[in-house]
1. Quick check: convex hull of the Cα atoms in region A:31-94, volume per residue, rounded to a whole Å³?
2. Let me test this: with uniform point scatterers at the alpha carbons of region B:219-332, what is the Debye-based log₁₀ I(q)/I(0) at q = 0.19, 0.20 1/Å?
3. Taking N as the number of residues in the protein assembly as shown, what value does Rg over Cα atoms divided by 2.2 N^0.38 Å take?
4. Considering just Cα atoms, how many Å³ per residue does the convex hull of region A:88-132 enclose?
5. Among B:225-237, B:302-314, how do they line up by average Cβ neighbours within 10 Å per residue, starting with the highest?
6. Using R₀ = 41 Å, calculate the FRET efficiency as 1/(1 + (r/R₀)^6) where r is the Cβ-Cβ separation of C:SER146 and A:MET16; round to 0.05.
7. If you line up the long axis of helix A:24-38 against the longest principal axis of chain A, both from Cα atoms, how many degrees apart are they, to the nearest 10?
8. For region C:21-61, what is the convex hull (Cα atoms) projected area averaged across all directions, in square nanometres?
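Values in this text are rule-based calculations from the coordinates and carry no lab data. Values in this document were obtained by computation on a predicted structure and should not be read as measured data. Cβ sites come from the backbone with ideal geometry, for glycine too, and all protein chains shown count toward neighbours.
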Amino acid sequence: MQSLSNRSKVVTKKEMSFMERIYLPAIFGGMAITIKHFFKKKATINYPEVKRDFSEVYRGKHVLKRDENGAERCTACGLCAVSCPAEAITMVAGERKAGEEKLYREEKYAVTYEINMLRCIFCGLCEEACPKEAIFLTDELVPTDFKRGEFIYGKNKLVEPLDNRVDISKRQTQAVLDFKKNKLLTHNRL
Amino acid sequence: MFTPALIYIFILIVVIFSVTLVIAMYSTYAERKVAGFLQDRLGPNRAGPFGILQPVADGVKMFMKEEIIPDVSNKWLFILGPSVAMATCLMTSAVIPFGSGLTIGGTFYPMQVADVNIGILYVFGVVSIGVYGIMIGGWASNNKYSLLGALRASSQMISYEVAMGLSIIALVMMTGTLSVREIAAGQPGGHWNVLYQPLGFLIFIICAFAETNRAPFDLPECETELVGGYHTEYSSMKLGFYLFAEYINMFISAAVISTLYFGGYNMPFIGRFITDPNTLSLVGTAFLFGKIFFFIFFFMWVRWTIPRFRYDQLMNLGWKGLIPLAILNIFLTGLGMWFFGKVG
Amino acid sequence: MTLYLFYFLSFLAVLSALMVVVSKNPVHSVLYLIMTFFAIAGHYVLLNAQFLAAVHVIVYAGAIMVLFLYVIMMLNLNADTEPQKGKWLRVAATVAGGILMVVLVGALRSAADTLPVTAHDNQIGMIKNLGKVLYKDFMLPFEISSILFLVAMVGAVMLGKKEIK
């Protein structure tokens, strides 16, 4: 058959020479290679003591950001849930009462906000869709658990604690921010 | 009844026994370390510093695991299998001279349990009955994979015993004795037998790999084809016995190789620096163990380098390769002795 | 000490030889036979014939019995596949056994007349003396039998070498 790519090679089973047939040179060659590896630097990283640095754009567990005053940024618009390809996000929206201005930035907020970490594929589309810069993926890992129910993360696990703010500057560099704010781009004109 | 000689022998047996077991124990650790290092990994390093307590942890695990004897197995033989495997591999060390000997209070005590005048044949006899442990265990499991493993083990060991025996004959022709002690003593300084018997040594070490069921000849427990081979049905310490027996066999093979071909406790030039015979003997023992450890390392090095043979390749190598070669070696040795006179 | 060892080994040899015949399971029979061989090897050691003992273990226990076991393992040992032995077979077996017994009794009766063998040289079984006997007094038969073995081995290799076309 005519090869379409012209890259195929005709393989022949060559008669082995005497040196090849006694195998010993090949065996010693192989052993030389393995002994070379014996003295090489090892690739292992001793995990709990030494941790490998994550990539700067690693996408791990989500965080719901607060603004500078500590009010939740999320306005429960649902864009993240819509954009989520795995349909891992659900939320219930509620209206902000008087006196809750310190807690929620906008008049509408998420009463419940749940991400099913077993469904989530950590694609980061929710982060991209969010118009309020409220949800981000951090470099933290989702810990293991024994029950499936424990993997549905509510607001208690997602909203960043006031006394321990999560740094997302790696995810949201100035360039990203500028890109998102640039109204000249069709992407942001909606 | 309890003469000093008898007490000395008793102490020697206990010492050799415990040394063998400790070395076998740490061979399991060394194997995993060597495998790790050869594959750019670190190997076990969690239990204790550098993972030095790993064998202890493994032993505890082996003892604590559930002991399963299959319902359809032949129970007595199922238990007999690992016992035979363990007993035979521990018996071999009796004839190996671990040093020239100590002179205590004017009496000479050789560092060897029994100096029988047919030492090599004793080793062969024990090795040849070692296969029963595997065969009995494999058959008694009443499992087709175990049976196949047992059959492979027996045919492999019988085939390679022939070539091994023939390669030893050339050595015996040269040394003129069957006593392991005399063979070891007959290689003073650097006159090691391997220099006169390179081909015989090559055949012997290849057969040693096959006899100990080590890679590249580990077909009886070849996990890609036979699940676990002859020890598929074994669990807990009975499995531990089989694995342990393999490592003891490796130690014994290394000891036999170093004694027969690499001068045993002899080392060139050490006689010039040390004059006290007792110290010399102990240093010789240290050198012997150095050689043994090198060969144990060599066994592991080969295991983690060379892929497993196919069964027909194994048989081809044994019958068509090594046996004619061993006969040729006998012929060459005879010619050499005729032309150059008796060597050594 | 030696006497007790002799009694122990003899008892072991006779008992395991009986068990070879008596036990139902062929694999057990083979294992008892191996035990018999070991007991006999022990007797050789008692007679100071270490070479013979070692060779006995290597050849019989180590090689031949492995092949026995190898073949028996391949058999289907389930009871229902065992062919039923007919009435005539039992009669034949009884007759054959009886004849064997007559022969044995006859042999033992004549053996009573022979003088007890006394080992005039207890070093006769040592490898050096044995070698001298084999290579001086029995040179020709020894060499011929060794050539026979070599031929057998070469034959085995040649049979293996035959390529299937």
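1. Hull volume normalised by residue count: 204 Å³.
2. -1.13, -1.17
3. For the protein assembly as shown, the normalised Cα radius of gyration comes out at 1.38.
4. Working: hull volume 3.5 nm³, N = 45.
Hull volume normalised by residue count: 78 Å³.
5. Numbers: B:225-237: 21.2, B:302-314: 16.0.
Peptide ranking by packing, descending: B:225-237, B:302-314.
6. So the FRET efficiency works out to roughly 0.70.
7. 30
8. Here the figure is 2.8 nm², rounded to one decimal.
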